Amino acid sequence: MAALRSLLPCVPGLLRPRHGCAALRTFAAGAKFEYIITEKKGKAHNVGLIQLNRPKALNALCKGLITELSQALQAFEEDRAVGAIVLTGGEKVFAAGADIKEMQALTFQECSFTQFLRQLDQLSQVKKPIIAAVNGYAVSVGLRRPRTQFFTASCLCMERGTGSCFEKA
Ligand SMILES: C=CC(=O)SCCNC(=O)CCNC(=O)[C@H](O)C(C)(C)COP(=O)(O)OP(=O)(O)OC[C@H]1O[C@@H](n2cnc3c(N)ncnc32)[C@H](O)[C@@H]1OP(=O)(O)O
């Protein structure tokens, strides 16, 4: 945890949602992102940081966010300078689960067997260690992701909910 805190020296500031997400974020490898922010952290720039950045929708996992997350993971996986990846959300919420507004137009088959949520499985294919730094709500699919990580750290004290679906750090 101490090592994680040194990577995230001012966690509240770091995790504060950055508004104006219409402005596309530039990724080191050149890709442009709308729903996530990526940076290389650490003295040797060897830690890939991915922050979910869709604060108005509580980081709900829409198709665009999932695609960008997948691209960023792939880029850090291929970047030989990167030894580990930290995945985080905002101060109030890590992720409110799948985007239920997007899902309502889809059939069960479309949700399950198309790229909609499948791309998320890429997280478990990444060979580099992924550390999930979780604050606030982590709901359903947004909760299952940290559970697949190499290591999950909550930067605030963790209060576990009673339901299987909701967990709030
Ligand atoms: C594949 C399986 C799954 O993942 S199913 C699980 C899907 N997730 C959910 O069902 C959670 C739904 N969200 C909530 O229950 C609540 O938002 C909350 C408890 C996580 C937080 O409540 P709070 O009162 O603090 O916020 P709001 O409800 O006002 O939400 C703010 C804003 O975010 C939008 N939003 C929240 N969750 C989602 C979501 N999962 N998908 C799409 N959008 C979401 C919500 O609609 C509000 O936006 P607005 O434009 O004001 O409607």
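What follows is calculated from the coordinates using simple rules that are stated; it is not laboratory data. All values derive from a computational prediction rather than experimental measurement. Note that each Cβ is placed from the backbone with ideal geometry, even for glycine, and that neighbours are counted across all protein chains shown.
What do you reckon, is residue 58 more than 10 Å from the chain's Cα centre (by Cα) and within 20 Å of residue 135 (Cβ to Cβ)?
It is true that residue 58 is more than 10 Å from the chain's Cα centre (by Cα) and within 20 Å of residue 135 (Cβ to Cβ).
So residue 143 ticks every box in (1) in a helix (DSSP H, G or I); (2) within 10 Å of the ligand (Cβ to nearest atom); (3) in contact with a Lys or Arg (Cβ under 9 Å, 6 or more places away or on another chain); (4) not hydroxyl-bearing (Ser, Thr, Tyr) but one. Which box is left unticked?
(3)
Go through the range 42-75 and report how many residues are farther than 26 Å from residue 137 by Cα and either among the aliphatic types (A, V, I, L, M) or buried (at least 23 other Cβ atoms within 10 Å of the Cβ) (or both).
Here the count works out to 2.
Within the range 54-72, track down each residue that is more than 14 Å from the ligand (Cβ to nearest atom) and free of Cβ contacts under 8 Å to residues at least 40 places away in the same chain.
Scanning the range 54-72 gives a single hit, 68.
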